[in-house]
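Student: Structure below; questions to follow.
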Amino acid sequence: MKISIVGTGYVGLVTGACLASRGHQVSCVDIDQAKIDNLKRGEIPIFEPGLNEVVKEGINRGALTFTTSAKDSVANAQVVFLAVGTPPAEDGSADLKYVFQAVEDISPHLPNECVVVSKSTVPVGTNRKISEKFKLESEKTVFVASNPEFLREGKAIDDFMNPDRIVLGVDEPKAGLILKEVYKDFDCPIVETSIESAEMIKYASNAFLATKISFINEIANICEGVDANVKDVSKGMGLDPRIGEAFLSAGIGYGGSCFPKDVRALDQIAGLNGYDFKLLKSVIQVNNDQRWRFYKKIEGTLNPPHFPASPAGRQGGAGGGCRSFEGKKIAVLGLAFKAGTDDIRESIGIDFALKLIEDGSQVSVYDPQAMDNAREVLDGVEFCNSIEEAVDGSDAIVITTEWQEFRDFDFSKIADRLKQKNIFDGRNLSDPDCMQSLGIKYFGVGL
């Protein structure tokens, strides 16, 4: 089938490349000329395992093309996927200006009986508004549908090619038939619903997973008080098939481009419809508190109460306005919000680095993939090329991202190079007994 993808960000590029690999003729359109020029050369703007190979293969076969012309991209398309950003507005709601600008751009050029599909995560009711807009502005019949994405950064190619389910929100039977043709080679359940239900499925799914993360982090905090081990608790819980083991790894909370945005947006949707979503508000609060609870653990260990405030101290944040890390060197390992990506949106490692600088620390940082992106938002830190370089001479090592490189690292190689032997493992990657045998004081979450 002839398919157009509007937007070449994370979702759009993965969707376009994967559909091209399944035999469709795909044209991706974006207003960023430099990005399109790079993509035509096979240069990928993001790090996502396997994506580079899938894109290049599609280009070489002529199945995947890139353009800045909305007209050229959609004029002969049977299906148009909207995959533009929906960043959070100040009040937590999804900012839909890019969605409706895309609708405006493609509207004059759509062929009759084309299906326009939202891949972007949009509030319930948005696609109904898009449909009404087409009816007012176009003389042609345009079907509108919702097909939410469930891609995990770092595993997006596998998630797209081997999905748990495909959700199709359609009102017109013909639109449903066309979209089923798009996905005919995918072996998974297809859930066909109303458009509004499809929109809600995406928000409800992410909100539930975020709730699971916040729940186990609350359990971890209790474990620390009663001398229980949250890893054992999680294992015992996860073996119950009604609960499952996924998203039961305690740590310092979730970040990224989806969970924080979508959870806040769903809370906003609930409020606009007269419902106070108390549980979701607590999920948001727990996640925010979790990272700073851990930060205070670092602070309390390196500077037991009551350290004096420096005259240069600044107010606000978790540090209480004191230059609590004056004269300390702290290594932050992990700047991507999660392993497998270079995405630093809502990154706890970035937040920690910024707060540590504010609180007087000399900060060194290392991440296997996110260093270039981090350089755009971090000033006053030492960017290092390896774990060894980052931790050399440090008073504390703070692990904020669950990279396998950090999990596998042999800390015996650097134990004697630490000024103070402290590891604060926000992802519970290391073995506390192993650290103890090296004379390293180990601080995890819920252990």
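Student: Tell me yes or no: at least one residue of the stretch 229-238 is over 20 Å from Leu429 (Cα atoms), at pLDDT 95 or above and not aliphatic (A, V, I, L, M).
Tutor: Applying the first criterion (over 20 Å from Leu429 (Cα atoms)) to the stretch 229-238 yields none.
No: the stretch 229-238 contains no residue that is over 20 Å from Leu429 (Cα atoms), at pLDDT 95 or above and not aliphatic (A, V, I, L, M).
Student: Could you tell me whether Pro45 is modelled with pLDDT of 95 or more, in a loop (DSSP other than H, G, I, E, B) and over 28 Å from Ser194 (Cβ atoms)?
Tutor: On the way: modelled with pLDDT of 95 or more: no; in a loop (DSSP other than H, G, I, E, B): yes; over 28 Å from Ser194 (Cβ atoms): yes.
Answer is no for this residue.
Student: Given (1) touching an Asp or Glu at 6+ places or on another chain (Cβ under 8 Å); (2) closer than 17 Å to Gly92 by Cα; (3) at pLDDT 95 or above, where does Gln268 come up short, assuming only one miss?
Tutor: Among (1) touching an Asp or Glu at 6+ places or on another chain (Cβ under 8 Å); (2) closer than 17 Å to Gly92 by Cα; (3) at pLDDT 95 or above, Gln268 violates only (3).
Student: Can you pull out every residue in the stretch 139-151 that is touching a helix residue (DSSP H, G or I) at 6+ places or on another chain (Cβ under 6 Å) and free of Cβ contacts under 8 Å to residues at least 60 places away in the same chain? Steps first, please.
Tutor: First, pick out the residues of the stretch 139-151 that are touching a helix residue (DSSP H, G or I) at 6+ places or on another chain (Cβ under 6 Å): 142-146, 148-149, 151.
Hits for the stretch 139-151 are Val142, Phe143, Val144, Ala145, Ser146, Pro148.
Student: Next question. Residues to consider are Asp185, Asp262, Asp267; find the one that is in contact with a Leu (Cβ under 6 Å, 6 or more places away or on another chain), in contact (Cβ under 8 Å) with a residue 60 or more places away in the chain and either among the charged types (D, E, K, R) or surrounded by fewer than 17 Cβ atoms within 10 Å (Cβ to Cβ) (or both). Walk me through how you get there before you give the answer.
Tutor: Numbers: Asp185 fails: in contact with a Leu (Cβ under 6 Å, 6 or more places away or on another chain); Asp262 fails: in contact with a Leu (Cβ under 6 Å, 6 or more places away or on another chain).
Result of the check over Asp185, Asp262, Asp267: Asp267.
Student: Moving on. Which is in contact with a strand residue (DSSP E or B) (Cβ under 9 Å, 6 or more places away or on another chain), closer than 30 Å to Glu346 by Cβ and hydrophobic (A, V, I, L, M, F, W, C), of Val115, Val191, Val142? I'd like the intermediate steps shown before the answer.
Tutor: Details: Val115 fails: closer than 30 Å to Glu346 by Cβ; Val142 fails: closer than 30 Å to Glu346 by Cβ.
After ruling out the rest, the residue left standing is Val191.
Student: Here is a follow-up. What's the number of the only condition in (1) surrounded by fewer than 17 Cβ atoms within 10 Å (Cβ to Cβ); (2) assigned to a helix (DSSP H, G or I); (3) among the polar types (S, T, N, Q) that Asn112 fails to meet?
Tutor: For Asn112, the failing item is (2).
Student: Can you name the residue in the stretch 73-85 that is in contact with a strand residue (DSSP E or B) (Cβ under 7 Å, 6 or more places away or on another chain) and surrounded by fewer than 23 Cβ atoms within 10 Å (Cβ to Cβ) and, of all such residues, is farthest from Asp105 (Cα to Cα)?
Tutor: First, pick out the residues of the stretch 73-85 that are in contact with a strand residue (DSSP E or B) (Cβ under 7 Å, 6 or more places away or on another chain): 73-74, 76-84.
Now narrow it down to the ones that are surrounded by fewer than 23 Cβ atoms within 10 Å (Cβ to Cβ): 76, 78.
Values: Asn76: 15, Gln78: 17 Å.
Here the residue is Gln78.
Student: Might you check whether a residue that is assigned by TED's automatic domain parsing to the domain that holds Gly340, touching a Ser or Thr at 6+ places or on another chain (Cβ under 7 Å) and basic (Lys, Arg) occurs anywhere in the stretch 203-223?
Tutor: Within the stretch 203-223, not a single residue is assigned by TED's automatic domain parsing to the domain that holds Gly340, touching a Ser or Thr at 6+ places or on another chain (Cβ under 7 Å) and basic (Lys, Arg).
Student: Go through the stretch 404-428 and report how many residues are in contact with a Lys or Arg (Cβ under 9 Å, 6 or more places away or on another chain), buried (at least 21 other Cβ atoms within 10 Å of the Cβ) and of a type in the set (A, V, I, L, M, F, W, C).
Tutor: So the answer is 3.
Student: Are any of the residues in the stretch 320-337 modelled with pLDDT of 95 or more, in the same structural domain as Gln404 (by TED's automatic domain parsing), within 21 Å of the chain's Cα centre (by Cα) and more than 23 Å from Val377 (Cα to Cα)? If you could, list the steps in order and put the result at the bottom.
Tutor: Pass one, the stretch 320-337, residues modelled with pLDDT of 95 or more: 328-337.
Subset that is in the same structural domain as Gln404 (by TED's automatic domain parsing): 328-337.
In the following step, the residues that additionally are within 21 Å of the chain's Cα centre (by Cα) were identified as 332-337.
Next, from what is left, pick out any that are more than 23 Å from Val377 (Cα to Cα): none.
No, the stretch 320-337 has no match at all.
Student: Of everything in the stretch 424-438, what is among the small types (Gly, Ala, Ser) and within 20 Å of Lys296 (Cβ to Cβ)? Give them in sequence order. Steps first, answer last, please.
Tutor: Of the stretch 424-438, the ones among the small types (Gly, Ala, Ser) are 426, 430, 437.
Selection gives Gly426 alone.
Student: Something else: Just the residues that are under 18 Å from Asp72 (Cβ atoms) and surrounded by 14 or more Cβ atoms within 10 Å (Cβ to Cβ), please, taken from the stretch 31-60.
Tutor: Ile31, Asp32, Lys35, Ile36, Leu39, Gly58, Ile59
Student: Answer yes or no as to whether Lys261 is of a type outside the set (S, T, N, Q), at pLDDT 95 or above and not in a loop (DSSP other than H, G, I, E, B). Step through it out loud before you land on a result.
Tutor: Numbers: of a type outside the set (S, T, N, Q): yes; at pLDDT 95 or above: no; not in a loop (DSSP other than H, G, I, E, B): yes.
The answer is no for Lys261.
Student: Being of a type outside the set (Phe, Trp, Tyr), touching a Pro at 6+ places or on another chain (Cβ under 8 Å) and within 20 Å of Phe352 (Cα to Cα) narrows it down to one residue among Gly426, Gly444, Gly380; which is it? Walk me through how you get there before you give the answer.
Tutor: Values: Gly426 fails: touching a Pro at 6+ places or on another chain (Cβ under 8 Å); Gly380 fails: touching a Pro at 6+ places or on another chain (Cβ under 8 Å).
On inspection, the qualifying residue turns out to be Gly444.
The values are calculated or read from the model by the stated rules, or taken from the named source; none is laboratory data. Since we're looking at a predicted model, the values are computed, not measured. Note: ideal-geometry Cβ built from the backbone for every residue, glycine included; neighbour counts use all protein chains shown.
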